[in-house]
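Data block below; observations after.
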């Protein structure tokens, strides 16, 4: 195992860490999305693909005088345009997944808070049995 434990040892799982209300209130979607985009390998890789397509397009333009009579130039142009769309879709998908996760954290906190609230008719945290 890469965590330094013995192969035949027993793993002990700890409890989940508690999330304080201050931590939830300090969440800033725009700041967190920007930081996550900077740290994302998938977006880095998509940008590298986009840059390579741009370089290929520029090379084809130099080689074929930016003439659309040469299919190689047109092919490079289409590949460059497709790479732009692919990159934009990757960025939008990444941002949307983080936004969904952000909203889910807030929603789950509300559900957990409601579940911990005692029921008014019994003083317990469960509804009366029917």
Next on the checklist: Taking the condition of being within 34 Å of the chain's Cα centre (by Cα) and over 30 Å from residue 39 (Cβ atoms), how many residues in the range 61-97 meet it?
Outcome noted: 5
Item to check | Failed criterion for residue 70 (all others in (1) surrounded by 14 or more Cβ atoms within 10 Å (Cβ to Cβ); (2) out of contact with any helix residue (DSSP H, G or I) (no Cβ under 6 Å at 6 or more places or on another chain); (3) at pLDDT 90 or above hold) | outcome: (3)
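Name the residue, out of 43, 24, that is surrounded by 11 or more Cβ atoms within 10 Å (Cβ to Cβ), within 30 Å of residue 99 (Cα to Cα), touching a helix residue (DSSP H, G or I) at 6+ places or on another chain (Cβ under 8 Å) and at pLDDT 90 or above. Working first, answer last.
Details: 24 fails: at pLDDT 90 or above.
Only one candidate passes the filter, namely 43.
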Checklist entry - Failed condition for residue 51, given (1) modelled with pLDDT of 95 or more; (2) closer than 30 Å to residue 104 by Cβ, with all others met? => result (2)
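The values are calculated or read from the model by the stated rules, or taken from the named source; none is laboratory data. This is a predicted model, so every value here is computed, not measured. A quick note on method: Cβ atoms are made from the backbone with ideal geometry, for glycine too, and the neighbour counts reach across all protein chains shown.
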